[in-house]
1. Which of the residues spanning segment 387-412 are assigned to a strand (DSSP E or B), of a type outside the set (Gly, Ala, Ser) and under 29 Å from SER265 (Cα atoms)?
2. What are the residue pairs meeting all of these: first residue in segment 47-74, first residue farther than 19 Å from GLY177 by Cα and at pLDDT 95 or above, second residue surrounded by 19 or more Cβ atoms within 10 Å (Cβ to Cβ) and of a type in the set (S, T, N, Q), Cβ atoms under 8 Å, and 6 or more apart or on different chains?
3. Residue under question is PRO143, and the condition is that it be touching a residue at least 24 places away in the same chain (Cβ under 8 Å) and open to solvent by 20 Å² or more (accessible area, probe 1.4 Å); does it hold?
4. Taking GLY315 as the residue in question, decide whether it is of a type outside the set (Asp, Glu), at pLDDT below 95 and at positive phi.
5. Return the residues of segment 194-209 that are out of contact with any Cys (no Cβ under 6 Å at 6 or more places or on another chain) and either within 20 Å of GLY337 (Cα to Cα) or outside any loop (DSSP other than H, G, I, E, B) (or both); say none if nothing qualifies.
6. What number of residues within segment 279-293 satisfy the criterion of being modelled with pLDDT under 80 and either open to solvent by less than 50 Å² (accessible area, probe 1.4 Å) or among the aliphatic types (A, V, I, L, M) (or both)?
7. Specify the residue that is most open to solvent (accessible area, probe 1.4 Å); the eligible residues are those in segment 210-226 that are among the β-branched types (Val, Ile, Thr) and either closer than 21 Å to ALA393 by Cβ or in a helix (DSSP H, G or I) (or both).
8. What residue, among those in segment 387-404 that are of a type in the set (Gly, Ala, Ser) and touching a residue at least 12 places away in the same chain (Cβ under 8 Å), is surrounded by the most Cβ atoms within 10 Å (Cβ to Cβ)?
Amino acid sequence: MGRLPDASLPDDCFAVGDRLLSIEEALAEFQARLAVVAGVETVPLATAEGRFLAEDLVAGRSVPPHANAAVDGYAVHFDDLRPDAPVTLTVTGRAAAGHPLGRAGGRGEAIRIFTGAPMPAGPDTVVMQEDCAVAGDTVTIPPRLPRGANVRQAGEDIRAGDTVLTAGRRLGPAEIGLAASLGRVALPVRRPLRIALFSTGDEVRDPGTPIADGQIYDANRFVLAALLRRLGCGVDDHGILPDRAAAIQSALATAAGAADAIVTSGGVSDGDEDHVKAALEAAGGRLHHWRLAIKPGRPVALGQIGGVPLLGLPGNPVAVMVTFLLVARPILLRLAGAEIPPLRRFAVAAGFTHSKKPERREFIRAVLETDPAGTLVARRHGGEGSADLTSMAGAEGLVELGEDLTRVAPGDAVAFIPMATLL
């Protein structure tokens, strides 16, 4: 099935020149230049989990719809109570969840009430049954009870007309529950992006196939497929392309006819054996190298072919993961009509020594530990090379070292980005 052209992107939307960009500048450029390409469909609430909401969810009713008891006890008029002595009232009725009293509650009487039961008109306070003394058809209530105690007011959680969820929110269990509490049986959501994925390189082989000297198994495609599926994308795996411009050109043209975006790894630098740029231009597309001041990660290649974005990531697996999380992920979220959450950073103490070049932001794979004083300390995890994929496996997050830093010593305050906020 071909790609559904819900929106198209101009061929120069990634053309930003040769200037070095920070992550913040790159994100701002993405927001300004890119449009949502994912269409809208309405799906049953039971299948909406993980999808991106396409329209604001506005409450058509209040939750709770009426005042109700927060505990099991007795509903009374606060004005019948005394601040300095117990009060004994006659129990004249009963209200349970789904079974309201059916009349107003008068002064001088107590209504036996259970959690979730609608408050009858009149009584404005509920006394917990544990605090009461019951004798026959009377109940004795202690003093010093505040007005409105143990009552959930109508609209306490949601008021009719409130915008409960904004468009772009990814629907998790709580969001699904909110929609259900409003009586919704279906929601408008964005259609999942279809991503064409392939690796390049004569040295790359699929796992499970014979391998010769100088060849490696392809980890990048499997890493990227898993990351894409976590974003809710559908993945069309085009396998490994050889280092031949004609083969790459044909694959790109085919992919552009059926995908919302194309993601590649390897083959996008300026070497003699890097053919993606030439193949893309031969197919009528354009490619731009974005010079991002980050490590790991070389210039990221961003382009278009027939209005379909192409994201060319580096060939080393750690650089692939970092550039996907920091660059490709926000691009794809924007195309998908999703919220792009800000990077969450937490101050922790460095548990390592590190030197770096100025004017470049570096990301160190790390795990967190608590020292004897109770301070969170980030320890380096695994090797430092951009090919050391073991450093990403088990890493709890990335330590971000800003452009102005040149050296970090143990105990220095550093910014920690939890991996959970990136995946």
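1. The initial filter retains those residues of segment 387-412 that are assigned to a strand (DSSP E or B), namely 397-401, 407-408.
Okay, now just the ones that are also of a type outside the set (Gly, Ala, Ser), so 398-401, 407-408.
Residues satisfying the conditions are LEU398, VAL399, GLU400, LEU401.
2. Listed pairs, sorted by first residue: ALA69/ASN150; ALA70/ASN150; VAL71/ASN150; GLY73/ASN150.
3. So PRO143 fits the description; yes.
4. Working: of a type outside the set (Asp, Glu): yes; at pLDDT below 95: yes; at positive phi: no.
So GLY315 does not fit the description; no.
5. First, the residues of segment 194-209 that are out of contact with any Cys (no Cβ under 6 Å at 6 or more places or on another chain): 194, 196-209.
The answer is ARG194, ALA196, LEU197, PHE198, SER199, THR200, VAL204, ARG205.
6. Residues in segment 279-293 being modelled with pLDDT under 80 and either open to solvent by less than 50 Å² (accessible area, probe 1.4 Å) or among the aliphatic types (A, V, I, L, M) (or both): 6 in total.
7. Top of the filtered list is ILE216.
8. Step one: of segment 387-404, the residues of a type in the set (Gly, Ala, Ser) are 387, 391, 393-395, 397, 402.
Still in the list and also touching a residue at least 12 places away in the same chain (Cβ under 8 Å): 387, 391, 394-395, 397, 402.
Working: ALA387: 16, SER391: 22, GLY394: 11, ALA395: 19, GLY397: 25, GLY402: 13.
Ranking the candidates gives GLY397 first.
The values are calculated or read from the model by the stated rules, or taken from the named source; none is laboratory data. Everything numeric in this text was worked out from a predicted model, so none of it was measured. In this analysis, Cβ positions are derived from the backbone assuming ideal geometry, glycine residues included, and neighbour counts consider all displayed protein chains. The protein model used for the area step is the full one, side chains on, heavy atoms only, and it has no ligands, DNA or RNA in it. Shrake-Rupley method; radii C 1.70, N 1.55, O 1.52, S 1.80 Å.
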